[in-house]
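*Asks:* First, the structure itself, so that you have it in front of you.
The values are calculated or read from the model by the stated rules, or taken from the named source; none is laboratory data. Note that the coordinates shown come from a computational prediction; the quantities given were computed from them, not determined experimentally. Cβ sites come from the backbone with ideal geometry, for glycine too, and all protein chains shown count toward neighbours.
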Amino acid sequence: MFKHIPPYPGDPIMSLFEAFQKDHHPRKINLSIGLYYDNENNIPVLECVRRAKALLANEDKPHTYLPMEGMALYRQMLQETVFGKDSPVLRDKRVATIQSVGGSGALRIGADFLKTYFPGSAVWVSDPTWDNHQVIFAGAGLEIHAYPYYDELTNSLKFEQMLGCISTLPAHSIVLLQPCCHNPTGIDMSREQWLELIPVLQQRRLIPFMDMAYQGFGDGLDEDAWAIRTMANAGMPFVVSNSFSKNFSLYGERSGGLSFVAASEAEATTILGQLKAAVRRIYSSPPLYGARLISTVLGTPELAAQWDAEVAQMRIRIRHMRTSLQQLLQHKLSEAAAGYLTEQRGMFSYTGLSAAEVDRLREEQGVYLLRSGRMCVAGLNEANIEHVAASMADILRA
Ligand code: LMR
């Protein structure tokens, strides 16, 4: 019966993480999957989350079903975090938001929705993009193309080519963009570049799909949402997926959101209805605990302020690791070898290492990067950075 089913070759990111967990190398270091580790090499439980957990344990509420669209307070807090408390689109009730099963769940529901209501539209992603973007959009039956993004010769953004490509797309094409901390390159558009791109998206009647998985890891919680808020102020329709996995260190709780910014309150209400229908036919309703934790934090001013401070700590630590690795590499290679590290932002850096070099780093030194050369800088710490720098320098010298 099932003989015709081909084996799954595995996911490039998840497979490496599994291999890392099984590896017995005494000095193994995980710089592959996007996990933030603290300086003691632990995936942190944020203090604000710990306090929310204690509050919830006291309340001992029943584990009932959430509505299809998710928890009301969570959705409100999420909207304010993404769009800003004083956002005109929130004031006008023009945003339809559902609680999603992580950022990936938001992407998939969004992709299904767009495939249904814009069946002729293709999706355009950056070259390169997060591997799973292609998988998710293809899974929803959408045709996928790439717009130019990363220039490997200069390790920088090919903005003119990107804009040139997007300027030729047919109306209703879906353009997947990352407002901050681009995965996998760590290279973001500047504000000036967004201000050039947004009118093009608007005039050509394209559908921007803003995927924000690392809010707060670039420049700050508000700063990283700047492109989304600028788009909202421009009065155009667009889609946002966001994830709290990283910035709340709540990966396994699968807490994200999908928001459609519509032209009117009535339109937003209709979209919300269809999003609920999509949820009901796929998984019925979203998980409860992450939403309870996050809404408790964001709905309690003292905990919300603490969250902001803890996100800042994570951001500052990542930046510090970037600077330290750059300095170590510079010292070891006696040239300006790794300037990219401090120019890029967020959890990831494109190192320019080839797949063969990455394989050597992993096999010989126990240092895990993705085979694309992407490094999760948030896996570095004071104790392992010297080993990473020495291993990279050996490979780069060879
Ligand atoms: C990553 O890119 O490593 C993260 O977003 C985790 C994942 O699911 O791939």
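*Asks:* Cβ-Cβ below 8 Å, separation at least six or inter-chain, first residue in the stretch 85-114 and of a type in the set (S, T, N, Q), second within 14 Å of the ligand (Cβ to nearest atom) and assigned to a helix (DSSP H, G or I): which pairs?
*Replies:* Final answer for the pair search is Ser100/Ala106; Ser104/Asn132; Ser104/Ile136.
*Asks:* Tell me which residues, restricted to the stretch 374-398, are at pLDDT 95 or above, surrounded by fewer than 23 Cβ atoms within 10 Å (Cβ to Cβ) and either among the charged types (D, E, K, R) or not in a helix (DSSP H, G or I) (or both).
*Replies:* Hits for the stretch 374-398 are Asn381, Glu382, Ala383, Asn384, Glu386.
*Asks:* Farther than 25 Å from Thr129 by Cβ and touching a residue at least 24 places away in the same chain (Cβ under 8 Å): which single residue out of Leu341, Leu288, Leu325 fits that description?
*Replies:* Leu288
*Asks:* Checking the conditions here, which among Ile33, Ile13 is in contact (Cβ under 8 Å) with a residue 60 or more places away in the chain, within 16 Å of the ligand (Cβ to nearest atom) and in a loop (DSSP other than H, G, I, E, B)?
*Replies:* So the residue among Ile33, Ile13 that is in contact (Cβ under 8 Å) with a residue 60 or more places away in the chain, within 16 Å of the ligand (Cβ to nearest atom) and in a loop (DSSP other than H, G, I, E, B) is Ile33.
*Asks:* Quick one: count up the residues across the stretch 154-168 that are aromatic (Phe, Trp, Tyr) and outside any helix (DSSP H, G or I).
*Replies:* Adding up the residues that qualify gives 0.
*Asks:* Go over the candidates Arg374, Arg362, Arg345 one by one and state the one that is within 16 Å of the ligand (Cβ to nearest atom) and more than 23 Å from the chain's Cα centre (by Cα).
*Replies:* The match here is Arg362.
*Asks:* Further question: Exactly one of (1) of a type outside the set (Val, Ile, Thr); (2) in a helix (DSSP H, G or I); (3) over 20 Å from Pro208 (Cα atoms); (4) more than 19 Å from the chain's Cα centre (by Cα) is unmet by Lys85. Its number?
*Replies:* (2)
*Asks:* Here is a further query. Which of the residues that make up the stretch 373-398 are of a type outside the set (D, E, K, R) and without any contact (Cβ under 8 Å) to a residue 40 or more places away in the chain?
*Replies:* Gly373, Ser391, Ala398
*Asks:* Those residues that are away from the ligand (no atom under 16 Å from the Cβ) and either among the acidic types (Asp, Glu) or farther than 19 Å from Thr230 by Cβ (or both), I need them from the stretch 175-208; list them, please.
*Replies:* The answer is Glu192, Glu196.
*Asks:* Suppose the filter is within 16 Å of the ligand (Cβ to nearest atom) and farther than 20 Å from Asp308 by Cα; does Pro88 pass it?
*Replies:* Taking the combined requirement at face value, the residue does not satisfy it.
*Asks:* Continuing with the same structure: Do we have Ile43 as among the hydrophobic types (A, V, I, L, M, F, W, C), surrounded by fewer than 17 Cβ atoms within 10 Å (Cβ to Cβ), within 16 Å of the ligand (Cβ to nearest atom) and in contact (Cβ under 8 Å) with a residue 60 or more places away in the chain here?
*Replies:* In short, yes.
*Asks:* Here's a follow-up. Specify the residue that is farthest from the ligand (Cβ to nearest atom); the eligible residues are those in the stretch 125-147 that are β-branched (Val, Ile, Thr) and either part of a strand (DSSP E or B) or under 21 Å from Gln161 (Cα atoms) (or both).
*Replies:* Ile144
*Asks:* Determine, yes or no, whether Gly220 is under 14 Å from Gly110 (Cα atoms) and either modelled with pLDDT under 95 or in the same structural domain as Cys180 (by TED's automatic domain parsing) (or both).
*Replies:* So Gly220 fails the test.
*Asks:* State the number of residues belonging to the stretch 139-175 that are without any contact (Cβ under 8 Å) to a residue 12 or more places away in the chain and either touching a helix residue (DSSP H, G or I) at 6+ places or on another chain (Cβ under 9 Å) or of a type in the set (Phe, Trp, Tyr) (or both).
*Replies:* Adding up the residues that qualify gives 1.
*Asks:* State yes or no: is Ala232 away from the ligand (no atom under 16 Å from the Cβ), buried (at least 19 other Cβ atoms within 10 Å of the Cβ), in the same structural domain as Gly84 (by TED's automatic domain parsing) and over 20 Å from Arg108 (Cβ atoms)?
*Replies:* yes
*Asks:* How many of the residues in the stretch 291-316 are in a helix (DSSP H, G or I) and touching a helix residue (DSSP H, G or I) at 6+ places or on another chain (Cβ under 8 Å)?
*Replies:* Residues in the stretch 291-316 being in a helix (DSSP H, G or I) and touching a helix residue (DSSP H, G or I) at 6+ places or on another chain (Cβ under 8 Å): 16 in total.
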